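Each reported figure results from applying straightforward, stated rules to the coordinates on display, with no laboratory input. Since this is a predicted model, take the numbers as computed values, not measurements. Here Cβ is always computed from backbone atoms with ideal geometry, including for glycine, and neighbour counts include all displayed protein chains.
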């Protein structure tokens with residue numbers, strides 16, 4: 001059993017028990033064992049130029065007794081998280097996402113920016129079935145594919161074309177250790193995972209466009225990006 005707990009500036013996705021997690025998160029990236037995945041909301045003022053962001057986050061986590069967790073950074077208001085649960089042929093995927101698009105990019109190109117923007121898409125997924133490390137790698141590729149489909153369909157136009165993500169996206173996929181070696185689109189794992197991530201990301205992008213995006217067009221800044 002898993003649970004999402006909100007205590008701004010923190011968002012916690014409790015996986016219910018220790019699981020293998022694969023991510024490129026700023027805290028504990030790669031293949032690790034963890035019980036929780038955390039988000040830490042930040043503003044540009046929290047991260048002045050020259051700061052060692054990794055060490056700052058480690059200090060914040062240590063103060064909470066969460067050194068062993070996988071952790072993201074985001075400037076998106078964490079109260080705007082979206083959550084989706086999908087079950088396909090007995091496999092359940094739970095996805096939690098925060099979607100900020102202030103530093104959106106189109107894959108294969110870059111937009112020149114005058115100042116750093118910390119908006120990002122952070123997605124965590126918990127699978128109910130045991131996976132091998134090979135399948136976990138395939139699962140994170142399916143999550144990335146679902147994220148990209150959702151952002152393309154959100155229709156955020158850039159000088160380089162429609163956005164496909166942001167420059168600082170991060171994904172973490174958690175599953176019990178097991179022997180299943182495949183998690184592709186033809187499998188129940190890939191179907192449940194893809195649907196959950198697509199739904200959570202789509203709703204998050206729509207909320208961002210109606211909230212932050214509209215204020216951005218009006219020239220009122222990127223707060224909550």
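Brief remarks follow.
- Separation between Cα centres of the stretch 72-136 and the stretch 158-179, rounded to whole Å: 6 Å
- Förster-model FRET efficiency, 30 Å R0, residue 182 and residue 111, C-beta, rounded to 0.05: 0.25
- Between 94, 181, 105, the residue with the greatest mean-square fluctuation in the GNM of the chain (Cα pairs under 10 Å linked by springs) is 181.
- Note on residue 49 and residue 85: the extension gain reaches 9.1 nm, defined as 0.36 nm multiplied by sequence separation minus the Cα-Cα distance.
- Approximate spin-label separation residue 210-residue 158, in nm, with each point projected 7 Å along Cα-to-Cβ: 2.5 nm
- Sites residue 67 and residue 133 - FRET efficiency at Förster radius 22 Å, r taken between beta-carbons, to 0.05: 0.40
- Within the stretch 3-217, DSSP assigns beta bridges of which about 75% are antiparallel (rounded to the nearest 5).
- Estimated 222 nm signal from helices in the chain, with DSSP H stretches of n ≥ 4 weighted -39500 (n - 2.57), rounded to 500: -8500 deg cm²/dmol
- Note on residue 144 and residue 14: the model spin-label points, each 7 Å out from Cα along the C-beta direction, lie 3.2 nm apart.
- Choice from 155, 165, 204 showing the highest fluctuation, given a GNM over the chain with Cα pairs closer than 10 Å: 155
- GNM flexibility winner over the chain from 98, 79, 202 (Cα, springs under 10 Å): 79
- Degrees separating the helix 133-154 axis from the principal Cα axis of the chain, which is the longest one: 40 degrees
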